[in-house]
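Chemist: I am attaching a structure below and will ask some questions about it afterwards.
The values are calculated or read from the model by the stated rules, or taken from the named source; none is laboratory data. Only a predicted model underlies this, so the values are computations on that prediction, with no experimental measurement involved. Counting neighbours? That spans all protein chains shown, and the Cβs are built from the backbone with ideal geometry, glycine included.
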Amino acid sequence: MTGKQLEFDQRVTRLNKKHAKLSRGYRATMRKDGLVVMKPQRVKSALPAKVLLMCLVGLFAFKTFLLTSLGPSGYQHRLDALNEGTSVEKAGAWVMQIDPVSQALSEQIAKILP
């Protein structure tokens with residue numbers, strides 16, 4: 001290929017990439033010289049990290065509450081019963097198993113509450 005043809009192909013490739021980015025969303029901004037330029041917008045996640053973090057904190061709080069109110073043996077008895085069930089119940093038992101964070105929080109709360 002000649003130098004001009006190669007340069008043209010590179011420009012076309014660059015423009016196609018820019019067009020693909022702009023097709024997912026863009027915003028118009030004005031430069032200092034008054035030219036309006038379209039800039040691609042970032043694609044936002046469908047599930048923000050803050051929501052995911054709040055769900056995780058809620059899960060640990062729920063597990064801690066159950067562990068504190070039922071006690072370790074009662075909690076483990078119920079987990080064993082869940083492990084006997086369907087695959088969904090087994091998955092729930094795996095998620096709800098006693099972990100070091102929930103156990104430490106439960107012990108701290110048990111010291112505070114009579």
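Chemist: In this structure, is LEU67 in a helix (DSSP H, G or I), without any contact (Cβ under 8 Å) to a residue 24 or more places away in the chain and not assigned by TED's automatic domain parsing to the domain that holds HIS19?
Modeler: On the way: in a helix (DSSP H, G or I): yes; without any contact (Cβ under 8 Å) to a residue 24 or more places away in the chain: no; not assigned by TED's automatic domain parsing to the domain that holds HIS19: yes.
So LEU67 fails the test.
Chemist: Still on this model: Return yes when VAL37 is in a strand (DSSP E or B) and either surrounded by 10 or more Cβ atoms within 10 Å (Cβ to Cβ) or without any contact (Cβ under 8 Å) to a residue 12 or more places away in the chain (or both) and no when it is not. Lay out the reasoning, then the answer.
Modeler: Values: in a strand (DSSP E or B): yes; either surrounded by 10 or more Cβ atoms within 10 Å (Cβ to Cβ) or without any contact (Cβ under 8 Å) to a residue 12 or more places away in the chain (or both): yes.
Against the criterion (in a strand (DSSP E or B) and either surrounded by 10 or more Cβ atoms within 10 Å (Cβ to Cβ) or without any contact (Cβ under 8 Å) to a residue 12 or more places away in the chain (or both)), VAL37 qualifies.
Chemist: Please determine whether any residue of the stretch 64-84 is over 30 Å from ILE112 (Cα atoms) and surrounded by 11 or more Cβ atoms within 10 Å (Cβ to Cβ). Don't jump to the end; show me each part of the working.
Modeler: Quick first cut of the stretch 64-84, residues over 30 Å from ILE112 (Cα atoms) only: 83-84.
Those still in the list that are surrounded by 11 or more Cβ atoms within 10 Å (Cβ to Cβ) too: 83.
Within the stretch 64-84, one or more residues are over 30 Å from ILE112 (Cα atoms) and surrounded by 11 or more Cβ atoms within 10 Å (Cβ to Cβ).
Chemist: Among LEU6, LEU52, which is part of a helix (DSSP H, G or I), modelled with pLDDT under 95 and under 29 Å from SER106 (Cβ atoms)?
Modeler: Working: LEU6 fails: under 29 Å from SER106 (Cβ atoms).
None of the others qualify; the one that does is LEU52.
Chemist: Give me the residue from the stretch 85-96 that is of a type in the set (A, V, I, L, M) and either over 30 Å from the mean Cα position of the chain (by Cα) or exposed (fewer than 13 other Cβ atoms within 10 Å of the Cβ) (or both) and, out of that set, farthest from ALA110 (Cα to Cα). Lay out the reasoning, then the answer.
Modeler: Of all residues in the stretch 85-96, those of a type in the set (A, V, I, L, M) come to 88, 91, 93, 95-96.
Add one more test, that the residue is either over 30 Å from the mean Cα position of the chain (by Cα) or exposed (fewer than 13 other Cβ atoms within 10 Å of the Cβ) (or both), and what stays is 88, 91, 95.
Numbers: VAL88: 31, ALA91: 28, VAL95: 22 Å.
My answer is VAL88.
Chemist: Right, here's the next one. Condition first: charged (D, E, K, R), within 30 Å of LYS18 (Cα to Cα) and either exposed (fewer than 12 other Cβ atoms within 10 Å of the Cβ) or within 29 Å of the chain's Cα centre (by Cα) (or both). Can you find one or more residues in the stretch 40-51 that meet it?
Modeler: Here is the first cut: in the stretch 40-51, the ones charged (D, E, K, R) are 42, 44, 50.
The next check asks that each one be within 30 Å of LYS18 (Cα to Cα); those that pass are 42, 44.
Pick out the ones that are also either exposed (fewer than 12 other Cβ atoms within 10 Å of the Cβ) or within 29 Å of the chain's Cα centre (by Cα) (or both) and you get 42, 44.
Yes, that holds for at least one residue.
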